[in-house]
1. Quick check on my filter: what residues within segment 136-148 are in contact (Cβ under 8 Å) with a residue 60 or more places away in the chain and either small (Gly, Ala, Ser) or surrounded by 21 or more Cβ atoms within 10 Å (Cβ to Cβ) (or both)?
2. Being under 21 Å from Gly251 (Cβ atoms), in contact with a strand residue (DSSP E or B) (Cβ under 8 Å, 6 or more places away or on another chain) and open to solvent by less than 10 Å² (accessible area, probe 1.4 Å) is the filter here; which residues of segment 293-312 pass it?
3. Between residues in segment 204-225 that are at positive phi and residues that are surrounded by fewer than 16 Cβ atoms within 10 Å (Cβ to Cβ) and of a type outside the set (Ser, Thr, Tyr), which pairs lie under 9 Å by C-beta distance while being six or more apart or on different chains?
4. If we keep just the residues of segment 183-239 that are β-branched (Val, Ile, Thr) and part of a loop (DSSP other than H, G, I, E, B), which is most open to solvent (accessible area, probe 1.4 Å)?
5. Need pairs with beta-carbon distance below 6 Å; first residue free of Cβ contacts under 8 Å to residues at least 40 places away in the same chain and within segment 149-168, second surrounded by fewer than 16 Cβ atoms within 10 Å (Cβ to Cβ); sequence gap 6+ or separate chains.
6. For segment 221-244, which positions are out of contact with any helix residue (DSSP H, G or I) (no Cβ under 7 Å at 6 or more places or on another chain) and either of a type in the set (S, T, N, Q) or under 17 Å from Met311 (Cβ atoms) (or both)?
7. Is it the case that Val324 is assigned to a strand (DSSP E or B) and not small (Gly, Ala, Ser)?
Amino acid sequence: MQNPVTVEVTRGNLVESRHRGLGVVVDGDGKVVFSFGDVDAGVFPRSACKAMQALPLMESGAADAYGFGNKELAFSCASHSGEDAHAAMAASMLAKAGRDVSALECGAHWASEQSVLIHQARTIDKPSALHNNCSGKHSGFVCACVHSGTELRGYVNYEHPLQAEIRGIMENLTGAVLGEDNCGTDGCSIPTYAVPLKGLAHGFAKMLTGNGLAPERAKASRRLMEACMAEPFYVAGTNRACTKLMEVAPGKIFAKTGAEGVFVAALPDRGLAMAVKCEDGTTRAAEAMIFALIARYLENGGEVQTKLMSMANRSMKNWNGIHVGDVRVTDAMFS
């Protein structure tokens, strides 16, 4: 099955680039409300599933034991920009568990956001693991292990009890069977599993609605998603797509991006969750797709819908501020 062209990029009057994609919207019972492309195909969610991976922090009792509020919970689901507040939050979470940056096994990297990178270059000699975009998730991992008395060393490994627990959680949420055959290694060194896009969306619909989940998991899931919506800066950062999406309609949209063109979102008022994947892994296309897909389920002609569609269909300017083309979603997003 060939996935449809979902996003076009123009230059002048011509289409310069085309992006193919797949996407699906489901309710809490797993009913497909809308889809395009091969949504049964396995995709690596990458960082889009971090709220699922944060559940051990909640279910172990660590989050409450360490007094974590919305900021910490949102940060445990984050792919952040490495801003000063992000690095400070990671350090603070680790300190609550009596640990420091040396406990993190995610590695270190400079920020990918240009403005943050420039600031880092001016203020630090080199980044630490606190600046890693996954340090919030890993700080949550450390806290969960320390609180439960689980051996901390090697917590990123497939065989570690924490990763086995996460594997079981993701199977429960997505309905997929996870193992070494559909496992890869993520950028932050933990296992990542290819799951059907439809299953990924259904997992977030279950987290949103609680349908089919044990009461403890339903409560923990909703609390994490509400924390992300309450503190969107700690999920991503200044001018990041996830943050902007959740700020445009506070408490109405949950959103989380993942590498290689994956994006998930959920609409509490509608009881719906959705997931998209840009086939070629391009972030600009995945963002346009999720903006438009969310807009599809908002008030027709309303302010938020209009704003999201302007984000999905945006103009491109060169360094002199001259309009040179547009990013636009195609009819495949609406048919």
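The values are calculated or read from the model by the stated rules, or taken from the named source; none is laboratory data. Just so it is clear, the structure is predicted and the values come from calculations on it, not from any experiment. Cβ coordinates were reconstructed from backbone atoms using ideal geometry, including for glycine residues, and neighbour counts include every protein chain displayed. Heads up: the accessible areas ignore ligands, DNA and RNA and are worked out on the full protein's heavy atoms, side chains in. Shrake-Rupley method; radii C 1.70, N 1.55, O 1.52, S 1.80 Å.
1. Gly136, Lys137, Ser139, Gly140, Phe141, Cys143, Ala144, Ser148
2. Leu293, Ile294
3. Every condition considered, the pairs that remain are Gly210/Lys219; Gly212/Asp29.
4. Thr238
5. Once the first residue is free of Cβ contacts under 8 Å to residues at least 40 places away in the same chain and sits in segment 149-168, its partners that are surrounded by fewer than 16 Cβ atoms within 10 Å (Cβ to Cβ) give Thr150/Pro161; His160/Gly154.
6. The answer is Thr238, Asn239, Arg240, Lys244.
7. So Val324 passes the test.
Yes/no per residue for (1) within 21 Å of Val235 (Cβ to Cβ); (2) surrounded by fewer than 23 Cβ atoms within 10 Å (Cβ to Cβ); (3) among the hydroxyl-bearing types (Ser, Thr, Tyr):
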{"site": "Tyr66", "(1), (2), (3)": "yes, yes, yes"}
{"site": "Glu72", "(1), (2), (3)": "yes, no, no"}
{"site": "Lys96", "(1), (2), (3)": "yes, yes, no"}
{"site": "His109", "(1), (2), (3)": "yes, yes, no"}
{"site": "Asp125", "(1), (2), (3)": "no, yes, no"}
{"site": "Cys134", "(1), (2), (3)": "yes, no, no"}
{"site": "Leu152", "(1), (2), (3)": "no, yes, no"}
